[in-house]
Amino acid sequence: MSTRMSAGRVRATYELIQAQRATFSVQTLCRVLDVAPSGYYAGLKQPLSHHASEDARLLRLIRAAFIASQGIYWAPRRALHGYRTRRWSVGKPAVLIPNLLKRQSR
């Protein structure tokens, strides 16, 4: 298993450190959250990448489309629900099986 954090998780960790800076020292927060202080300071100077900002823009568009479609995505299903069973009309036994020998039952 990899011990590296994803870019989104690192960015969220840096934002948490930024929010808690007034209460705790940066070194303590970085040690507890297992990030390097130098990475935190470099992350403050570096804006979001083009890829990350494009992902955020697409996510907003997807969420807006999802809400506009009342929570339905892709095409509606046209399949019939449940199993189709054939209904046979049952007649008298003489109608179903012809009496070839012309015997009378008692």
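Where a number appears in this text, it was derived from the coordinates with a stated rule and is not lab data. The shown structure was predicted, so the numbers you read here are calculated from the model rather than taken from an experiment.
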Averaging the inverse of every distinct alpha carbon separation and then flipping it gives the Kirkwood radius. What is it for the stretch 1-49, in angstrom units? 11.1 Å
Taking 0.36 nm per intervening residue step and subtracting the Cα-Cα distance, what contour gain separates Arg11 from Ile62 on full extension? 16.2 nm
